[in-house]
Amino acid sequence: MITTKLWIVSFIYGMPCFCVGLALASMNSCLVLGDDNDAKKCYNGEDDSCPRGTIYNDLDLSPLKAQIATALGILGAWIGSLFGSKPSEKYGRRQTLIYNNFFFFVGGALAAAGNEYTLYVGRLILGFGAGIGSAVCPVIYNEICAPEDRGIIGAMYQASLVFGIFIVAFVAFGFVTYVDNGWQFVQGFIFIPSTIMLIGAPLLPESPKWLIQMKRDAEATKVVADLRTDDHDVEEEISAIQSEIKQKESTLIDSSTDNDKEITWSDVFKAREAVIVGVGLMFISAMTGINTVIFYSTTIFGFAGFDEQILATASVGFINLIFTFVGMYFADRTGRKILLLSSLVIMLFSLLLLSIILLLPGVDDTAQGYVAVFACLSFVAGFSIGLGPVCWVVMSEMLPTRLRTKAFGLFLSVNWGANLVIAMVTLTTIDLLGGVESDMDDDDEIAGREKSGVAYLYLIMSGITVCSILFIQYFVPETKGKTPEQLQGLNTPLLLAMENDDKLS
């Protein structure tokens, strides 16, 4: 049973995860065009339909510049994810996340300053903080909960992140639509969750597993006792953590390795099965297309012919949030693998539906717009029930404690690297893939090019999703109810074949 204290602690630790979601999605909701779908006309005041608070009214951003501003946040996150494990291991998960708010305050202030170049620098700094948060948050969640609750608590990182995505879209709907310079308020909104975490910091415990690694067993015992019900066997849980930390796993770490020695990359890569699965899941979660929606849904809905772009983006955040909780509910009730496969099947259906409706000739623009929004919402729902929250649970269950933080840094660097590619090429790819019919006039030519470009982009994503289904089926083991030690001998057919090939060689 999850105690009230653990829920409170999980909520406060969710604030940096919330900030990750804000940093990811805050640009998307500000990139709103008018009826002419032309950023230059918003800046020059030639299109009266441009929302009052869109960023295009104040800054002369071309599609390339908009991609750069979005991508700089992802670049910063990529860099931050590589550095996040170091202070977390040395100073603790708690201290790292508290001091990480510095990057959110500074980055948010610069991004909201109203200047193109401070926007770039601010986005980079915001991303750096997001990267550190994304590296440390999943670890602290896994380490403060009891083993039987790690499905739902372990998924709190994703839940907090998507809540941030939803809230920033909701805030943008109000500010960008109705307030002059509203995009600046959206960029500065990150101050609120950062302040909440600093106020709640005295209530936050350190990770009991980290405390035991630091030989502070008495403090770890107190933390566990505070977070568990009265009838919970605290000594048994502490003993299990101590055994896991002290155990020298011959398949992972050479028997001569001192447990106090700093974990190296060589140690991490000895857990080959877990590394293959973790890298694969992180690559899949990015390249199947979720962040083309998170980063650019407002723009894509405009291309697809849907007028209420910000409202549609807010609905994306709402669906993402609701179905993440659905995924968390089932995480401890069904197998992890079935959720991942179900998630990808729904995503594949949605991607194909979106592509087909945009490529069909003679379909009414309004009908296309509504079907496109439905397909995007269905896609986001599919991602949220499985691939979004369950990836983190699977990775944490496959890795022993001593390798977890450093390995998560590797996985996140793969994820952020893939996201950087998505952020940099989405709008350009839509433009390159767009097909134009010879008999179109200028306006129809632009609209047709944009729609076909979106359609072909998501057909490519459909192919990646099919490959992802095969990867989950043949590479990812069922981890529910198993320890990392048990999973070392529970390889899927392809991993087992790789192991046998190594032995023969």
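Just one of (1) aromatic (Phe, Trp, Tyr); (2) open to solvent by less than 50 Å² (accessible area, probe 1.4 Å); (3) at pLDDT below 90 fails for Phe104. It is (3). The residues of segment 78-131 that are within 19 Å of Met15 (Cα to Cα), out of contact with any Asp or Glu (no Cβ under 9 Å at 6 or more places or on another chain) and not in a helix (DSSP H, G or I), listed by number, are Gly84, Asn100. From the list Leu410, Leu432, pick out the single residue that is in a helix (DSSP H, G or I), surrounded by fewer than 17 Cβ atoms within 10 Å (Cβ to Cβ) and modelled with pLDDT of 80 or more. Of Leu410, Leu432, the one residue that is in a helix (DSSP H, G or I), surrounded by fewer than 17 Cβ atoms within 10 Å (Cβ to Cβ) and modelled with pLDDT of 80 or more is Leu432. Within segment 379-393, the set of residues being closer than 17 Å to Ala135 by Cβ and either among the β-branched types (Val, Ile, Thr) or open to solvent by 10 Å² or more (accessible area, probe 1.4 Å) (or both) comprises Trp392, Val393. For Glu219, the criteria (1) surrounded by fewer than 13 Cβ atoms within 10 Å (Cβ to Cβ); (2) charged (D, E, K, R); (3) outside any loop (DSSP other than H, G, I, E, B) hold in every case but one, which is (1). For Cys137, indicate whether it is in contact with a helix residue (DSSP H, G or I) (Cβ under 9 Å, 6 or more places away or on another chain), assigned to a helix (DSSP H, G or I) and either modelled with pLDDT of 85 or more or open to solvent by 30 Å² or more (accessible area, probe 1.4 Å) (or both). So Cys137 fits the description; yes.
Taking into account only those residues within segment 222-244 that are hydrophobic (A, V, I, L, M, F, W, C) and over 30 Å from the mean Cα position of the chain (by Cα), which is least open to solvent (accessible area, probe 1.4 Å)? Lay out the reasoning, then the answer.
Residues of segment 222-244 that are hydrophobic (A, V, I, L, M, F, W, C), as a first pass: 223-225, 227, 234, 238, 240-241.
Retained after the next criterion (residues that are over 30 Å from the mean Cα position of the chain (by Cα)): 225, 234, 238, 240.
Values: Ala225: 49, Val234: 26, Ile238: 6, Ala240: 59 Å².
Among them, the one singled out is Ile238.
Any idea which residue in segment 314-364 is farthest from Val186 (Cα to Cα), counting only those that are of a type in the set (Ser, Thr, Tyr) and open to solvent by 10 Å² or more (accessible area, probe 1.4 Å)? Restricting to residues being of a type in the set (Ser, Thr, Tyr) and open to solvent by 10 Å² or more (accessible area, probe 1.4 Å), the top hit is Thr334. Selection within segment 26-55: residues that are hydroxyl-bearing (Ser, Thr, Tyr) and under 21 Å from Ile165 (Cα atoms). The member of this set that is farthest from the chain's Cα centre (by Cα) is Thr54. Just one of the listed residues (Leu420, Leu427, Leu387) is modelled with pLDDT under 75, out of contact with any strand residue (DSSP E or B) (no Cβ under 8 Å at 6 or more places or on another chain) and not acidic (Asp, Glu), and it is Leu427.
State which residue is most open to solvent (accessible area, probe 1.4 Å) when the search covers only segment 17-65 and only residues that are of a type in the set (Lys, Arg) and in a helix (DSSP H, G or I). Break it down stepwise before answering.
Here is the first cut: in segment 17-65, the residues of a type in the set (Lys, Arg) are 40-41, 52, 65.
Filter again for in a helix (DSSP H, G or I), leaving 40-41, 65.
Numbers: Lys40: 97, Lys41: 66, Lys65: 68 Å².
Per the stated criteria, the residue is Lys40.
Every condition in (1) assigned to a helix (DSSP H, G or I); (2) closer than 16 Å to Tyr13 by Cα; (3) not charged (D, E, K, R) is met by Pro205 except one, and the failing one is (1). Among the residues of segment 172-188, those that are touching a residue at least 24 places away in the same chain (Cβ under 8 Å) and either of a type in the set (Asp, Glu) or surrounded by fewer than 20 Cβ atoms within 10 Å (Cβ to Cβ) (or both) comprise Thr177, Tyr178, Val179, Asp180, Asn181, Phe185, Gly188. For segment 197-216, does any single residue satisfy the condition of being in contact with a Pro (Cβ under 6 Å, 6 or more places away or on another chain) and crowded, with 20+ Cβ neighbours inside 10 Å? Within segment 197-216 (the criterion being in contact with a Pro (Cβ under 6 Å, 6 or more places away or on another chain) and crowded, with 20+ Cβ neighbours inside 10 Å), the answer is no, since none of the residues qualifies.
Asn57 passes every criterion in (1) at pLDDT below 90; (2) in contact with a Cys (Cβ under 6 Å, 6 or more places away or on another chain); (3) more than 21 Å from Asp431 (Cβ to Cβ) apart from (1). I'd like the residue in segment 108-149 that is touching a Lys or Arg at 6+ places or on another chain (Cβ under 7 Å) and of a type outside the set (D, E, K, R) and, out of all such residues, is nearest to Leu6 (Cα to Cα). Filtering first and then ranking leaves Ala146. Taken together, the residues in segment 107-133 that are charged (D, E, K, R) and open to solvent by 50 Å² or more (accessible area, probe 1.4 Å) amount to 0. Residue count for segment 32-86, restricted to those that are of a type in the set (A, V, I, L, M, F, W, C) and more than 30 Å from Leu410 (Cα to Cα): 8.
The values are calculated or read from the model by the stated rules, or taken from the named source; none is laboratory data. From a predicted model like this one, the values you see are computed outputs, not experimental measurements. Glycine gets a Cβ as well: all are built from the backbone with ideal geometry, and neighbour counts include every protein chain shown. Only protein heavy atoms, including side chains, enter the accessible area calculation; ligands, DNA and RNA are left aside. Shrake-Rupley method; radii C 1.70, N 1.55, O 1.52, S 1.80 Å.
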